[in-house]
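Heads up: the structure comes next, in structure tokens.
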Amino acid sequence: MAEEEKAVNSLVRPGFIVSALLLVALIVGLAFLLFTRENAREVGGDKPVEVSSTRQESGGQAQSGLVEDAGLPESDSVCGLVAHDQVVPSQALPSVPIDVGDRIQVPHVDGYGPGVTEGVSHCFAHTPSGAILASANFVTWFSSKERLDEVVPTLMATGPNRDRLESQIKSQWQGETGSPVMIHGFKYEDRGPDNAMVVLAVSPVASPDKMMGFPVVLVWQDGDWKVEAPSTDSWGERIIDSLPLEGFVEWGA
């Protein structure tokens, strides 16, 4: 177990960008970490995040997936997307991949985002489904390192932790890019109307069975879901072995 912890620590401090604040460095080393685990089990404290898969609507009936509201509220989104329902999805979102950037695709759902697809795609509905799509959008851009110097200020919440990451990128990123990760599933933790945490199950494209849980903390800021940069050199990622056993909803498209 000590060797595994040492491997993790080495993975989260890549030479080309200073720290684990760049997801791609961790993904590149993930296969090595998994092959060296052998039969070691994870520490008992690494429990799956408890999340609610449904929310009771005013009528008292549990809902799941995306639904349409009879009366739409005013939009507080920077691109005019309406905050439809506040249902936490318990099944795959009906997303379709759309081309953004030079060579990557992000998931899109009409009415939920991204509402802006030129440049770095952004703008998502002020709903749980919007937050889930925003987290996938961020992880796709971030892991590819495509337009990295634009991704951080566009998709991340303002604050000293983002400032620190921007400084690291400006001093050390030289324009190199890579393949974005695959997204296999999600878990959603409701933290109120303006805050959420989405744990994404991701893997390298070449090794889809080598999955990692990657938590993305989001805050509603300036009319969009923004990702909070961690205060340390770790996102809180951990290896996962099974989507259903650890409570993940399968991603779908």
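No value in this document is a laboratory result; all are computed from the given coordinates. Source: prediction; values computed, not measured. Ideal geometry is used to build each Cβ from the backbone, glycine not excepted, and the neighbour counts take in all protein chains shown.
The table that follows gives values for the structure above.
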{"quantity": "Cubic angstrom per residue, convex hull over Cα atoms of the stretch 85-124", "calculated": "72"}
{"quantity": "Cα gyration tensor, the stretch 136-253 - rounded (a/c under 1.5), prolate or oblate", "calculated": "oblate"}
{"quantity": "Distance in nm between pseudo-label sites at Gln105 and Asp76 (7 Å out along the Cβ direction from Cα)", "calculated": "3.4"}
{"quantity": "Where a label projected 7 Å from the Cα of Asp190 along Cα→Cβ would reach, residues of the stretch 237-253 with amide N under 17 Å", "calculated": "249"}
{"quantity": "Packing-based ranking, highest mean first, of 215-221, 129-135, 187-193 given that Cβ atoms within 10 Å are counted", "calculated": "129-135, 215-221, 187-193"}
{"quantity": "Rounded if a/c under 1.5, otherwise prolate or oblate - the stretch 68-163, Cα gyration tensor axes", "calculated": "prolate"}
{"quantity": "Gain in span if fully extended, Ala206 to Ile239, counting 0.36 nm per residue against the direct Cα distance", "calculated": "10.2 nm"}
{"quantity": "Cα gyration tensor shape for the stretch 174-226, rounded if a/c is under 1.5, else prolate or oblate", "calculated": "oblate"}
